[in-house]
Amino acid sequence: MHYDIAIIGYGPVGAVTANLFGQKGFSTIVIEPKEEIWDIPRAVHFDGQTQRIFQSMGFMDEISKIIHPMEGINFLNNKGKSIVNINLKLDEPINGYDESVFFNQPIFERFLRSEAIKHKNIDIKLGYKLTDIEARQSINNLILLNTNNEEEYVTCDYVLACDGANSFVRKALNIESFDYKCDQDWVVVDYQVDDKYKINTDRYQICDYKRPTTIVPITGQHVRWEFKVNSDDNLETLEDEKNIRKMMQPHLWRLNPEIPLHSGKLLRSSAYTFHGLLANNFRFNNCYLLGDAAHQMPPFLGQGLCQGIKDSYNLCWKLSGVINNTFNKKILDTYTVERKGIVDFVIKGAMKQGDIIGSQDWFTATLRDIYLNIASYIPRLLRPLKFQKPWKIKNGIIDKELFPNDVNGVIIPHPSLNIKVENKLFDQFLGNNFGILVFDNTNNIYDEIKKLDSSKIFKDHIYLIDEDHEFNKDKKISRWSTENNIAATIYRPDQHIYGCVGHENVVNDIDKLTHKLIDELI
Ligand SMILES: Cc1cc2nc3c(=O)[nH]c(=O)nc-3n(C[C@H](O)[C@H](O)[C@H](O)COP(=O)(O)OP(=O)(O)OC[C@H]3O[C@@H](n4cnc5c(N)ncnc54)[C@H](O)[C@@H]3O)c2cc1C
């Protein structure tokens, strides 16, 4: 049997990928050894950009029912006193959605699977494992082991390896990873508080050098605890319920002083060594690594899964364009370049966060407390602790030469979610395509741009978003374009900025920029 696409692994990244490519109509096979969803909540946090991706998939109505915003996090010192309280709820979030929301991973995965099975073009093979891969330039030959331990053969044009941290595909293709050497041992615990106790949903980072601890109520009565492992801990008994409750004891009252120590259910506990690993290449011939197969990071920023979803979103428009003969195959080279740059930045941020919260030495911890105390008065210094990162594509399909601008490579701000035009939110209005936004219409620039021969590649996706446009009701877009001196911009199918032009020679410059883009795409 031959498929356009084989997705290896049906964890959360595989399931998002199946939906993204399923929606495009490609014949797809999904291979996953486990029959059931792994009923262990690992990821608990999404950011705003990830929610924009769900919106583009048409999933946000359902996903908004299973997420809870995180308002902030309180950093406490070893005496339990607040050092700094970080507010994560912005009045004007850049992506429209809350920048930090919590969810339960198995519930999320169940939803993704319920959507994926709606696509007749996807064959989902649960109980199947990939055991061999021959990755040629023109075709991929795969050997699968089915539920009866029999081998089956399939071929496909593209392999999307979403097979997790121990990726079989990554190893089979001999793709090495860079090790950031930031390993840290933590015990992660999911705890269900008895229904009769209403819990305080404040989140705490307890920066006690003797036992760095995180307490994060997730959704409902579910609380995530994380305890850093000390060098003198007995590893044999570390995950025993008795030991875990002992570690919970000094802080349990923060959830509700009435909760008795032995009440509630420990849903699971697991000792992890958190790594920072980044594959040297996310591609070999027509095989691509996504999610944990491509990168692993300490979970302190709650970004591992978010970045896996962004891998998929980045690859989807490029690969779809190549399969449909809209784009030249060379754009597929930019997948590694674009994604690696961002993931490297995020891993380093997560490491910084881990160092800040996880110090186990009195002296460093005291310096940290002093720094955080000062930083609470100088918000700029708190940036490493915030989730709102200025993620930016530095190399790839962006203009760096013609009209360099700080916003080239960043995602365009999303106006308030209360604003709709033609019953569409901003991203839905723009569509998953390249397009032009014109902000300055002096001398009918908008019409002149539409007349350009080059701008035909944008079809109807040329929009005038001037001061009076409905999407400027909250002034977010106009403020952004003014601050960055932008008269018009070319945006990408993933809502990132390809390039911008200033207020002089707008039409001419957009023409030049479009020609540059055409050279890169076609
Ligand atoms: C404690 C903890 C907390 C975290 N918190 C967050 C968070 O808050 N936010 C966030 O974004 N991320 C978080 N992460 C990271 C996140 O959980 C992972 O990045 C994410 O689950 C990875 O998904 P994946 O689909 O890439 O891999 P996996 O979930 O590992 O899925 C891989 C799948 O591939 C299958 N597979 C393996 N080998 C084969 C084969 N040979 N053939 C076919 N299939 C195969 C496996 O069975 C598995 O189902 C956290 C991680 C941990 C450990």
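With the cut-off at 32 Å, tell me which of the pairs LYS81/LYS394; LYS81/LYS392; LYS129/LYS340; LYS330/LYS475; LYS65/LYS420 have Cα atoms farther apart than that.
Violating the 32 Å Cα-Cα cut-off are LYS81/LYS394; LYS81/LYS392; LYS330/LYS475.
Go through the range 423-522 and name the GluC sites (Glu not before Pro) that are in a DSSP coil and have 13 or fewer other Cβ atoms within 10 Å of their Cβ.
Those that pass, being in a loop and sparsely packed, are GLU467, GLU504.
Tell me, what is the FRET efficiency for ASN74 and THR273 to the nearest 0.05, using R0 = 25 angstrom and their Cβ-Cβ distance as r?
Efficiency for this residue pair is about 0.40.
May I ask you to list the lysines whose Cα is less than 16 Å away from that of LYS89, ignoring any residue fewer than eight positions away on the same chain?
The reachable lysines, counting only those whose Cα sits under 16 Å from LYS89, are LYS386, LYS389.
Rounded, prolate or oblate: which one fits the range 60-148, using the alpha carbon gyration tensor with axes a ≥ b ≥ c (rounded when a/c is under 1.5, else prolate when a/b beats b/c, else oblate)?
Judged from the Cα gyration tensor, the range 60-148 comes out prolate (a/c at least 1.5, a/b above b/c).
Excluding ligands, DNA and RNA, what is the solvent-accessible area per residue of the range 184-274 at a probe of 1.4 Å, expressed in Å²?
Per-residue accessible area for the range 184-274 comes out at 48 Å².
Angle between the Cα long axis of helix 12-24 and the longest principal axis of the chain, 0 to 90 degrees, nearest 10?
Orientation of helix 12-24: about 20 degrees from the principal axis.
If you stretched the chain out fully between HIS2 and GLN249, how much longer would it get, using 0.36 nm times the residue separation minus the C-alpha to C-alpha distance?
Gain in length upon complete extension: 83.3 nm.
May I have the extent of the alpha carbons of the chain along their three principal axes, as whole Å values ordered from largest to smallest?
72, 63, 40
Can you give the translational diffusion coefficient of the range 468-522 in µm²/s, computed by Stokes-Einstein from the Kirkwood radius over Cα pairs at 37 °C and 0.692 mPa s?
267 µm²/s
For the Cα atoms of the chain, what angle does the longest principal axis make with the long axis of helix 105-116, in degrees from 0 to 90, nearest 10?
30 degrees
Measuring with a 1.4 Å probe in the full set of protein chains, what accessible area per residue, in whole Å², belongs to the range 376-507?
Value for the range 376-507: 48 Å² per residue.
Using a 1.4 angstrom probe on heavy atoms only, work out the carbon and sulfur share of the accessible area of the chain in %.
Carbon plus sulfur share of accessible area: 49 percent.
Round to the nearest 10 and give me the degree value, 0 to 90, for the angle of helix 304-323's Cα axis relative to the longest principal axis of the chain.
20 degrees
Rounded to a whole number, what is D in µm²/s for the range 184-274 from Stokes-Einstein with the Kirkwood radius over alpha-carbon pairs (4 °C, 1.567 mPa s)?
98 µm²/s
At 222 nm, what helix-only mean residue ellipticity would the chain give, in deg cm²/dmol to the nearest 500, using -39500 (n - 2.57) for each DSSP H run of four or more?
-8500 deg cm²/dmol
Could you work out the relative contact order of the chain, using alpha carbon pairs under 8 angstrom and six or more residues apart, expressed as a whole percent?
Rounded, it is 15 percent for the chain.
Looking at the chain, what % of its DSSP beta bridges pair antiparallel, to the nearest 5?
Counting only bridges with both partners in the chain, antiparallel ones make up about 70 percent.
Of the trypsin sites (Lys or Arg not before Pro) in the range 1-97, which ones lie in a loop per DSSP and count no more than 12 other C-beta atoms within 10 Å?
Sites meeting the loop and neighbour criteria: LYS34, LYS65, LYS79, LYS81, LYS89.
List the relative contact order of the range 64-113 as a percent without decimals, with contacts defined as Cα pairs under 8 Å and 6+ residues apart.
39 percent
Mind jotting down the three principal axis lengths of the range 412-522 based on Cα atoms? Whole angstrom, largest first.
For the range 412-522, the Cα extents along the three principal axes come out at 37, 27, 22 Å.
The values are calculated or read from the model by the stated rules, or taken from the named source; none is laboratory data. Every value quoted in this text rests on a predicted model; they were computed, and no experiment measured them. Because the Cβ atoms are built from the backbone with ideal geometry, glycine has one as well, and the counts that use them run over all protein chains shown. Only protein heavy atoms, including side chains, enter the accessible area calculation; ligands, DNA and RNA are left aside. Shrake-Rupley method; radii C 1.70, N 1.55, O 1.52, S 1.80 Å.
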